[in-house]
Amino acid sequence: MEKNVFDQMKEEVFHEKLDNGLNVFILPKQGFNKTYVTFTTNYGSIDNEFIPNGESDYIHVPDGIAHFLEHKMFEKEDGDVFQKFSSQGASANAFTSFTRTAYLFSATSNIKENTETLIDFVQAPYFTEQTVEKEKGIIGQEIRMYDDNPDWRVYFGLIENLYEQHPVKIDIAGTVESITDITKDHLYTCYNTFYHPVNMTLFIVGPVDPADMMQLVRDNQAKKSFPEPVPVQRRFPEEPEKAAKAHHEIRMNVNSSKCEVGFKMPASAVTGREKLREELAASLLLEMLFGKTSRFYEKAYSAGLIDDTFGFDYTGERGFSFALVGGDTDQPETLEKRIQKQLLDAKEGIHLSAEAFDRARKKKIGSTLRAFNSPEFIANQFTRYQFNGLNLFETVPVLEEMTLEDVTAFARKMIEEERFSSCFVLPKETA
Amino acid sequence: MEATREQTFQTSGCSIHVLETEKYKTNTIMIKMRAPLDKETVTMRAILPHVLQSGTENAPSAAAFRSALDDLYGALFFADSAKKGNEHVLTFTMEVANEKYLHGENDLFDKALSLLADVLFRPKLKEGVFPEKTIRQEKRSLQQRIRSVYDDKTRYASLKLVEEMYKDDPYAIPPGGLLEKIEPIDNASLYTYYQKALAEDTIDIFVIGDVKADQAVQKMKKHLPFEDRTPSEMITDTGHAGEDVRVIRETQDLNQGKLNIGCRTSITYKDPEFVAMQVCNGILGAFAHSKLFMNVREKESLAYYAASRFDSHKGFIMMLAGIDQKNYDKTVQIMNEQLDEMKKGSITDLEIDQTKALLKNQLQESADTARGMVEVLYHNIASGTSRPVDQWLQDIDAVTKEQAAQAARTITVDTVYFLAGKEEK
């Protein structure tokens, strides 16, 4: 077990790669009541073409299967694992993103039992035709709920515009139609390919004794046998640099219009600290251009073009990155043009002053510190960073060494008009 | 579990509650202003937090104010309005990094406090009142916010149920304000109302973090000089039930129907039976092992969410699920059956044990965030109840199945609200 000390953050992280390949991280947080544990596989909705473990040809699996599998992991021959967690005073949950599937619990008691329950249930799949069929009704309702949600629709509408081929454009839960094709055999194929310990990370944060907890995980894993790991072979289609579609409009039963503008970036070529620097440059750039202290925000707000739903987001994951800007507005066309102009100006270095940079950086440092109050943030983000070859604890030191030039260079390189797209949600015509 | 106890200091204008703890990397100040919910004032109260953060004497625009926050290492400031029973609560929160984690910074806490004081006591004025331009902008924003409630269908359905069920009861007033009361607001009348609220609301200040209580109190008194007043007791009024169950159906162009069943109970947070009702609601619908989740979702695959919620300052319970319209009758029937099971006391050992374990877990977890701690404390402070966390935890353990069933027998279904979606294709 190795110990990493992050002086400035006053945090320590213990790490061990077990014999079976599982990465285990433990961050002791004294003074907290809650322990939060995540067990995550480096597998998400985009991983829909791969060579199944033990075979030699690529297969394509139905849309929404990673999320479906996440739902079905909870059901066992002797009932639902939620029951067991409840009995042990733990609140359990799971989520599926583009690139990860995470199982988790939080609890203030029975930490060892709950940790074993978490590891054991994720390592013991049990799928039957009957339970798979039953889940289709439940997930169908989940999909319909999102179909009625204008924020989700405009978000995914924009991603669909940006990408021509890449499976990031497919809704994480799939569609009511695509999930009807899912069988228990599909689930086992995906499970056997992506849930090997070598492809997974366990993260424990809370008032725990690290040596004790590490021993518990070691013992638990030593009792189980796993096949020899084979490297996961995924395949992704070639994605052009330009946006697939410049614009799209969605009519919904809503009062407010929404406008989102986004641009995609070529998949990152760098790794480690350089990648972290790139990611931070992206978020500083957006803050400087569109943050609440920017001239853009002030002008657009006083002109009534935006309200406090206005925001921005950068997503940089394995194999794709994009940025989104927008919110509710009465004048989607005007807002779209303003955002695009602001971005194109930034490519020329306009709006990128030293003063704005300092302020954005300070804000980012403060928000990072605040985020370290949250066990959820630490566990989820640390895992995400680790899968991407980054270290979450380097965020503040890297921010402190960054300069305005990092941001202007990023803007020069990444902003291209042909990579832009926009998506509106508009009220249905009442006529 | 860390035994963190707050220390409370009464001044003639407000109460100051301090929690000394080193577990966070930030320090937090929260100010709560409470007054009865009223149709005539709620919209002004809802707009005030937005007006106040659009400029102070020292930082005379929203951008200048936000810049001042960013310069304090992204100090977080937010203000919101919420409902507690029949009362309206404005909350102002300032959270700032603890400088011991930063290189060469000091006085961040003091600077953040004086910024917060500027917002409340030295807002930007023009000719002695709020600037007209600010009011115009914020009226438009508020209009937009209220109109967009319609777009979030789950929230919309809950609000409509409450509106229908509590006609002529202040509880029906949405804490975010009323659309028809926006127009009459002007800069002078809003300023006059703000002065009144500042002078008369019941004020609680919370300081949480790496601070010394006596120093914190001195600083609060100096920077936040609330005038003398008599704090008001919170009104708890559970309202009056109608004769029969009312059924209301609204149809919209939607993929999923939203079913919300509103119920009343006479038990509120102040009552000794409150904890039994909390356990009752837990068994019925608060968790993934609860009766509603197990029967509506897991057994029948009718819904993705199926749950119940208990607003303890009103005695309001809501059962809710998102379903296909064709499954309306079946779902209503299952929900009613599960409530009847509770009343009959058909509760297993497992169900009550799981519920107690999770309720205790929730309570202990809430102490891990500054905001969570304040919310737990404020339940007691606002309602004039004494239920310290350790006592609360013990009380949960002591609840019997019969007590949970007794609590269930106080529940009556009042109004069924269904926001119907379109027919199955």
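Worth pointing out:
- In a simple Cβ point-charge model (Lys, Arg +1; Asp, Glu -1; nothing else charged), chain B has a dipole of about 680 debye relative to its Cα centre.
- Ranked by how many other beta carbons lie within 10 Å on average, peptides B:274-281, B:368-375 from highest: B:274-281, B:368-375
- Computed label-point distance, nm, for sites A:GLU348 and B:ARG155 using a 7 Å Cα→Cβ extension: 3.9
- Residues in the stretch A:18-35 occluded by at least 20 Å² - accessible area, probe radius 1.4 Å, against chain by itself: A:GLY31, A:PHE32, A:ASN33, A:LYS34
- The angle separating the long axis of helix B:153-165 from the principal Cα axis of greatest extent in chain B is about 80 degrees.
- Choice from B:ALA216, B:ALA357, B:ALA382 showing the highest fluctuation, given a GNM over chain B with Cα pairs closer than 10 Å: B:ALA357
- Angle in degrees between helix B:42-52 and the longest Cα principal axis of chain B, rounded to the nearest 10: 40
- B:ASN106 paired with B:ASN336, simple spin-label distance in nm, labels 7 Å along Cα-to-beta-carbon: 7.1
- Basic side chains Lys and Arg get +1 at the Cβ, acidic Asp and Glu get -1 at the Cβ, and with that the dipole of the stretch A:2-222 about its Cα centre reaches some 640 debye.
- For B:142-148, mean number of other protein chain Cβ atoms within 10 Å: 4
- Mean residue ellipticity at 222 nm, helices only, chain B: -12000 deg cm²/dmol; runs of at least 4 DSSP H residues each add -39,500 (n - 2.57), and the sum is divided by the number of residues.
- Mean ellipticity per residue at 222 nm, deg cm²/dmol - from DSSP H runs of n ≥ 4 across chain A, formula -39500 (n - 2.57): -13000 deg cm²/dmol
- Total charge dipole magnitude, the stretch B:7-223, about the Cα centre, Cβ charges on Lys, Arg, Asp, Glu only, Debye to nearest 20: 260
- Accessible surface, per residue, of the protein assembly as shown when the full set of protein chains is kept, probe 1.4 Å, Å²: 39
- Counts of other chain beta carbons within 10 angstrom of each beta carbon in peptide A:359-365 average 6.
- Chains A and B together, accessible area buried on both sides, 1.4 angstrom probe, square angstrom: 5800
- Residue-wise HN-Hα coupling along the stretch A:6-19, computed from phi with Karplus coefficients 6.51, -1.76, 1.60 (Hz; x: Gly, Pro): 10, 3, 4, 7, 6, 10, 10, 10, 9, 9, 8, 9, 6, 4
- Heavy atoms of B:ILE381 accessible to a 1.4 Å probe, total area in Å² rounded to 10: 50
- Computed lengthening from A:GLU129 to A:ASP308, 0.36 nm per intervening residue step minus Cα-Cα distance: 59.7 nm
- Whole-percent carbon and sulfur share, accessible surface of the stretch B:246-420, 1.4 Å: 49
- Subtracting the Cα-Cα distance of B:GLN218 and B:ARG122 from 0.36 nm times their residue separation leaves 32.6 nm of extension gain.
- Helix axis angle, A:210-222 relative to chain A longest principal axis, alpha carbon, degrees: 60
- Across peptide B:75-85, the average count of Cβ atoms from other chains found within 10 Å of a residue's Cβ is 1.
- For the residue pairs A:LYS3/A:LYS29; B:LYS291/B:LYS344; A:LYS76/B:LYS401; A:LYS169/A:LYS245, the C-alpha atoms sit more than 23 angstrom apart in A:LYS76/B:LYS401.
- Phi to ³J(HN,Hα) by Karplus 6.51 cos²θ - 1.76 cosθ + 1.60 over the stretch B:66-74, Hz, x for Gly, Pro: 5, 5, 4, 5, 4, 5, 8, 6, x
- For the stretch A:48-109 versus the stretch A:343-385, the spacing of their alpha-carbon centroids is 31 Å.
- Selection among A:VAL122, A:ILE204, A:THR96 by position relative to the dipole of the stretch A:2-222 gives A:ILE204 as farthest towards the positive end (Cβ unit charges, Cα centre).
- Solvent-accessible surface, computed for protein heavy atoms with a probe of 1.4 Å, shrinks by 30 Å² or more for the following residues of the stretch A:368-389 when the other protein chains are added to the isolated chain: A:LEU369, A:ARG370, A:ASN373.
- Across the stretch A:283-300, coupling constants 3J(HN,Hα) worked out from phi with the 6.51/-1.76/1.60 Karplus curve, θ = phi - 60°, read 6, 5, 4, 4, 4, 5, 7, 10, x, 5, 9, 6, 4, 4, 4, 4, 5, 5 Hz, and Gly and Pro carry x.
- Separation of the stretch A:171-198 from the stretch B:304-339 is 31 Å, based on Cα centroids.
- For the stretch B:26-138: rounded, prolate or oblate by the Cα gyration tensor [a/c cutoff 1.5]: oblate
- Count of lysine pairs in the stretch A:247-427 with Cα separation under 15 Å (8 or more residues apart, or interchain): 10
- Solvent-accessible area of A:PHE82 with every protein chain in place, 1.4 Å probe, in Å² to the nearest 10: 30
- Per-pair calculated FRET efficiency, R0 = 25 Å: A:ARG273 and A:LYS245 via Cβ, rounded to 0.05: 0.10
The values are calculated or read from the model by the stated rules, or taken from the named source; none is laboratory data. Predicted, not measured: the structure shown is a model, and the values here were computed from it. Positions of Cβ are backbone-derived with ideal geometry, glycine not excepted, and every protein chain shown enters the neighbour counts. Remember, those area values only see protein heavy atoms, side chains included, never the ligands or the DNA or RNA. Shrake-Rupley method; radii C 1.70, N 1.55, O 1.52, S 1.80 Å.
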